[in-house]
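Only the coordinates and a few stated rules stand behind these numbers; no lab work does. All figures in this text were calculated on a predicted structure; none of them were measured in a lab. Cβ atoms come from the backbone with ideal geometry, glycine included; neighbour counts cover every protein chain shown.
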Amino acid sequence: MICALESFVTTLGPAAAAGALGVAANGVWPHLQSRRQILAVQVFCSAMFALHYTLLGANTGAAMCAAGALQSLAAATLRGRWALGGVFGATIAATLAMTVATWSGLPSALALAGQSMSALGRLQRREQAIRLAFLGGEAFWISHNLLVGSSWGLTADTMAVTMLLIGLWRGRTRRAPLRACPKALAFLSTA
């Protein structure tokens, strides 16, 4: 399997190879058992998409992925609430500055919005709230990837939306029901 992936990636150009590795990592992390492994693979995924977007010239998207990688790394390694909050606060402030520095119009605004929703998701304690924030972020990332022409980004988005919807569906019967957007998510409780 790894040899086949290596062969496939080496036949692609650099931007496509980074995107393909990001998609592969995106497909792996939901199957891992430990939080630390999941976050480590998400760091790799974000790093690959940061490289992918850099090579496409979508610099704000690249900066937002780099910020996401730092947030995942912090979530995996920091224990204190204040330390984690400080890192998240610093990366959120940095994303605003990076967006201004790399501004390219609507794609930049969409990447910032997608990263902001993901950051909000990483700070949630309940699984369903995490999924909702990430799903909201996906709407912005899909639009960003359409505008910058990232088929690998759209592939990762399709996988993410599918996994998030499955997770929302499975989590709908747990004791802690969704409190946010109950009308918008009413379709999840019918079946």
Take every Cα pair under 8 Å in the chain that's 6+ residues apart, average their separations, divide by the length, and report that relative contact order as a whole percent.
-> 17
Roughly how many nanometres apart are two label points built 7 Å out from the Cα toward the Cβ at Ser104 and Gln124?
-> 2.9
Round to a whole angstrom and tell me the spacing of the C-alpha centers of segment 119-175 and segment 88-109.
-> 20
About its Cα centre, the chain carries a charge dipole, from +1 on Lys and Arg Cβ atoms and -1 on Asp and Glu Cβ atoms, whose size in debye to the nearest 20 is 1080
Taking the chain and counting helices only, DSSP H stretches of n ≥ 4 at -39,500 (n - 2.57) each over all residues, the nearest-500 ellipticity at 222 nm comes to -26000 deg cm²/dmol
Which of Ala69, Ala156, Ala17 moves the most in a Gaussian network model of the chain with Cα springs under 10 Å?
-> Ala17
Return an integer: the convex hull volume of the alpha-carbon atoms of the chain, in Å³ per residue.
-> 128
Place a point 7 Å from the Cα of Gln33 in the direction of its beta carbon; the residues of segment 68-108 whose amide N falls under 15 Å from it are none
Which of Ser118, Ser104, Ser72 moves most in a GNM of the chain, Cα contacts under 10 Å?
-> Ser104
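Provide the packing ranking of 160-172, 47-59, 142-154, i.e. peptides ordered by the mean count of other C-beta atoms within 10 Å per residue, highest first.
On the way: 160-172: 15.5, 47-59: 22.2, 142-154: 19.7.
The most tightly packed comes first, giving 47-59, 142-154, 160-172.
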Which residue, Thr173, Thr91, Thr77, tops the fluctuation ranking in a GNM of the chain built on C-alpha contacts under 10 Å?
-> Thr173
